[in-house]
């Protein structure tokens, strides 16, 4: 087991290097000049020499491979570079927003899981009945509803019915839990609904698979209460694909909430990404995409390890 | 006539009582009509819709740097925040101007301290102004071109600064009062002229407390501020909120008391409706406008008839009524701000092409001109615009609609600011939508946008007109106001109407709703001039 | 047909997936009522999009400054927006944009991905390895992130938008198609075909593609819904279709959010249109998947 873990973890490094290279190439293809944007967009008259000096300072005059080398060397030192727009370290820019995005992702996951598992199990157990159809419609609608539209409707609802709006600025959970939660619960609901839709469908189909298995029928034949059968045996075995889906979707929540953050005015990773792209802040865009991809890679590794733990066949493959 | 004599003691008492009664009556009337004295204390939260790209006012041009960071600094002279356009002393106590207008001598206040405790001298002022007017290698000064007339700056004594000009400039003092001309510490500038891009050290009424990116900027009262009794506020917090809906919400629920740039009418209505008499709205003209820029080097816009047709097709007066309801565009004006000291009177304005009242006649004329110039019906061209929702995109939508009504078929192309600017600069566009925003009414500042493109790279319309350049120079050196106005009118006629190089759509209207408890704040025509020194909270 | 194993296998496979007799549609309808409703909605939508200039009551671009923000009434069934434009007309014309962008982007993306996937499965070896590595990395980004990067690279405009969305979908398509193609690649009859000298094209076209067809179609319907959502998100961010072109996502941004209390119909109806359309595509896709591959049926 240990060898498998080590092997898996060691493989992450070349993967990340490949990811970083691909990201660099992708980002540098984006046309635009941050220097001109910074200095000239306000309407100021700045000479060409000054613009050139600024480019030198940002390292934009070096050939592409040299900039690539700089970046990769920095990554080896765990240094994501500095933002071309603000001059602050990229890691600091991201860290400030990551707190909010992570919390939002976690809350959305809680919402999703607490909806998906009970609903998915219920629908599988009551397959073909109105309950099943109801859950199916509910989850298919969740996939179809744009989460940002749901967010707008939520805000409309809060405004019209309660004449209240969530706080505009982020307070960390430990500093003021009430303010923090009252801000984040609404986007968590809007995002969580869609998230739960995916998880519900997977739970339902995984449960149906498992319910067909012989040993489940055996347990039933033994005369245990139906609920005990379902919950104890079937769910545990159905859990693996469900956890996979939840894990993968969670990875997408970091940075994937670009539009929701706009609607709720959240200072998160998604908003940072939008701003970074608008400003052509290459180093920041690179850092963000690396973060997002790494989250995905990490989740995959964790899921692999989980699979290995739960299914001995894989370990010795 | 027998005099009645009260006993002396009673007389005295009676006089005293009378005096007291008179005083009480007087103070009663005075007390009820005089405004409450400024109250010391409280922290002001306000909204800023964008974040500062760096902390150095000399190199930036955005209000996002002024609103949160200016309170940490002083200027040499500044615009009176409650009395635009009066220029009042700030770090300069007083000044004299020589007869020929070429030498300005400033007397610097003594006893002014930086936030780190060190004393301010003329050396700091000279170093800061040098950085702005004669920036060293590698240092960006965004307004350098405005100070071409400065020959030298010297600090002959610790509390004197002398500025010598190459030629006299009627509005030199106003130019010096630019809200971006923050006074820095000479020692720091010597050590590292770029230090101020990421750090704050000034003499202003507030010390820097913290900046959380994406969230807020905080300042606290500087206890050793040189102006006695100021600032009234204990501190301030600038909240960075970019979405207009969120801004309105923050204001409605008291999370912020004001937004210092300007709201759209819808946001104002929302806020006012919700807050009722807890809020008030201040409105004023705004030194910003939207410009329509045809590419003078590209067919068919190189033909002045086509350019003229485009401006004739725009119903500015009707558009003003409609657009002022959904955007903060509104006033109709030419090269100088309508309602400002140099504005063209309406009678003359309506004579310019596109500014007339009879839109049908104008549009007929436009169609005729287009036919003459050989532009076919349904001619397609692109209108390039920035990806900014207020007011650029509505301006674009409006213009497309207007030009469709003279048989043209414009295609609205929205780009992010970066590629948009690049295209405009490279001449890679048909018609573009541009803007100007200035900090005070001065033909030197407003007109420079329209001089030949080879003289001013910010003129994207791509034309060369030496006559215009000559007129600009003339008005800049003209010290007689009436004659200067005449030259400005000539300039305006040529740019907007006779040659129709580029023209204004509408000027903006500044709408600032705020909580009534915000006092000591008067809205002016420039959102760059916001100054927290005199601001106080009434409860 | 001759008794050649490949054709036989394909026929058996395809016929097993379909009920044999006529009345096929009726049986399908009874089994999947929701899908039929979805299909019906889509047919109406396509009709509306095609007949837009004739059935829309107003010109979607015409500004009417006297009727800004009017609530739904007999004159404007769904109300007007901040420029006085009729929302119903804009929705109908917006269907054109949605379907156009949605259809072309998903077909292009699914097809590009499918081609790469099949090629990768067929050629195997280093080619497969490299393509897989790249695809794995591309799939690790959320769709919106990838699409935004693509739009930044390509620039604005509807054509670029379609390409951007298509390219964002392609890696996911590649993964799905490749695994299906791989299943066939290693079967004995394909090996046999290779052994007797059948060229790559024949193998790909006659053996791999039929096996890939079902997942491709299912994936396509899934993409359709997602493409519409993606276009809506990008337009909402200002990176997609530009004003004044009517597009559902665009109608939801800016003024709709700012004036949501004053004129909620501006936000409600476009969002409803998006939801119903994506819903229809999803239900149809589910039913299609159930019908085409019994193994996947749940």
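The values are calculated or read from the model by the stated rules, or taken from the named source; none is laboratory data. Quantities reported herein were computed from a predicted structural model and do not represent experimental measurements. Here the Cβ is made from the backbone with ideal geometry for all residues, glycine too, and neighbour counts use every protein chain on show.
Structural remarks
- Complete set of residues in the range B:247-271 that are more than 13 Å from every other protein chain (Cβ to nearest Cβ) and more than 24 Å from residue A:183 (Cα to Cα): B:260, B:261, B:262
- The residues of the range C:233-254 that are closer than 14 Å to residue C:168 by Cβ and at pLDDT 85 or above, listed by number, are C:233, C:234.
- Yes/no for residue C:208 being over 19 Å from the mean Cα position of the chain (by Cα) and crowded, with 18+ Cβ neighbours inside 10 Å: yes
- Residues located in the range B:500-539, provided they are within 15 Å of residue B:44 (Cβ to Cβ), in a loop (DSSP other than H, G, I, E, B) and in contact with a strand residue (DSSP E or B) (Cβ under 8 Å, 6 or more places away or on another chain): B:516, B:517, B:520, B:521, B:531, B:532, B:535, B:538
- Selection status of residue A:135, more than 12 Å from chain C (Cβ to nearest Cβ), crowded, with 22+ Cβ neighbours inside 10 Å, in contact with a helix residue (DSSP H, G or I) (Cβ under 9 Å, 6 or more places away or on another chain) and under 30 Å from residue C:248 (Cα atoms): yes
- Residue match in the range A:31-43 (condition: more than 14 Å from chain B (Cβ to nearest Cβ) and modelled with pLDDT under 85): no
- Per the listing B:321, B:371, B:337, B:278, the residue uniquely without any contact (Cβ under 8 Å) to a residue 24 or more places away in the chain and closer than 26 Å to residue B:513 by Cα is B:321.
- Which numbered condition residue B:53 misses (of (1) in contact (Cβ under 8 Å) with a residue 40 or more places away in the chain; (2) in contact with a helix residue (DSSP H, G or I) (Cβ under 8 Å, 6 or more places away or on another chain)): (1)
- Residues being farther than 30 Å from residue A:264 by Cβ, buried (at least 18 other Cβ atoms within 10 Å of the Cβ) and free of Cβ contacts under 8 Å to residues at least 60 places away in the same chain - total across the range B:209-235: 2
- Residue count for the range B:41-90, restricted to those that are assigned to a helix (DSSP H, G or I) and under 15 Å from the mean Cα position of the chain (by Cα): 6.
- Taking the range A:76-93 as the range and being within 11 Å of another protein chain (Cβ to nearest Cβ), closer than 24 Å to residue A:36 by Cα and part of a helix (DSSP H, G or I) as the test, only A:93 passes.
- Which numbered condition residue C:261 fails, given (1) at the interface with another protein chain (Cβ under 8 Å from one of its Cβ atoms); (2) in contact (Cβ under 8 Å) with a residue 12 or more places away in the chain; (3) closer than 23 Å to residue B:389 by Cα; (4) surrounded by fewer than 22 Cβ atoms within 10 Å (Cβ to Cβ): (2)
- Test: residue in the range B:161-183 that is farther than 30 Å from residue B:263 by Cβ, touching a helix residue (DSSP H, G or I) at 6+ places or on another chain (Cβ under 6 Å) and outside any strand (DSSP E or B): yes
- Residue match in the range B:272-288 (condition: away from chain C (no Cβ under 14 Å) and in a loop (DSSP other than H, G, I, E, B)): no
- Residues that are surrounded by 22 or more Cβ atoms within 10 Å (Cβ to Cβ) and part of a loop (DSSP other than H, G, I, E, B), drawn from the range B:236-250: B:241
- Residues of the range A:161-182 satisfying the condition of being within 11 Å of another protein chain (Cβ to nearest Cβ) and either surrounded by 13 or more Cβ atoms within 10 Å (Cβ to Cβ) or modelled with pLDDT of 90 or more (or both): A:165, A:166, A:167, A:168, A:169, A:170, A:171, A:179
- Some residue of the range B:476-499 being assigned to a helix (DSSP H, G or I), touching a helix residue (DSSP H, G or I) at 6+ places or on another chain (Cβ under 7 Å) and modelled with pLDDT under 90: yes
- Any helices (runs of 4 or more DSSP H) falling wholly within the range C:225-298 and containing at least 3 residues that are farther than 22 Å from residue B:394 by Cβ: C:265-292
- Evaluating residue A:55 against the criteria (1) within 30 Å of residue B:132 (Cα to Cα); (2) at pLDDT 75 or above; (3) assigned to a loop (DSSP other than H, G, I, E, B); (4) within 14 Å of chain B (Cβ to nearest Cβ) leaves one unmet condition, (3).
- Residue A:284 vs. criteria more than 12 Å from chain C (Cβ to nearest Cβ), buried (at least 24 other Cβ atoms within 10 Å of the Cβ), part of a loop (DSSP other than H, G, I, E, B) and over 13 Å from the mean Cα position of the chain (by Cα): no
- Filter pass, residue B:206 being within 14 Å of another protein chain (Cβ to nearest Cβ) and in contact (Cβ under 8 Å) with a residue 12 or more places away in the chain: no
- For the range B:306-410, the helices (runs of 4 or more DSSP H) that sit wholly inside it and include 3 or more residues that are at pLDDT 90 or above, over 22 Å from residue B:510 (Cβ atoms) and touching a helix residue (DSSP H, G or I) at 6+ places or on another chain (Cβ under 7 Å) are B:359-372.
- Set A:76, A:112, A:88: member being more than 17 Å from residue A:19 (Cα to Cα) and free of Cβ contacts under 8 Å to residues at least 12 places away in the same chain: A:88
- Verdict on residue A:106 being touching a residue at least 12 places away in the same chain (Cβ under 8 Å) and not in a loop (DSSP other than H, G, I, E, B): no
- Residue within the range B:78-85 that is touching a strand residue (DSSP E or B) at 6+ places or on another chain (Cβ under 6 Å), surrounded by fewer than 21 Cβ atoms within 10 Å (Cβ to Cβ) and within 22 Å of residue B:438 (Cβ to Cβ) present: yes
- Among the helices (runs of 4 or more DSSP H) confined to the range C:77-184, the ones with at least 2 residues that are touching a residue at least 24 places away in the same chain (Cβ under 8 Å), away from chain A (no Cβ under 14 Å) and over 30 Å from residue C:198 (Cα atoms) are located at C:87-123.
- Residue within the range C:220-236 that is within 12 Å of chain A (Cβ to nearest Cβ), over 14 Å from the mean Cα position of the chain (by Cα) and touching a residue at least 24 places away in the same chain (Cβ under 8 Å) present: yes
- Residue B:188 vs. criteria at pLDDT 90 or above, at negative phi and either within 14 Å of another protein chain (Cβ to nearest Cβ) or buried (at least 20 other Cβ atoms within 10 Å of the Cβ) (or both): no
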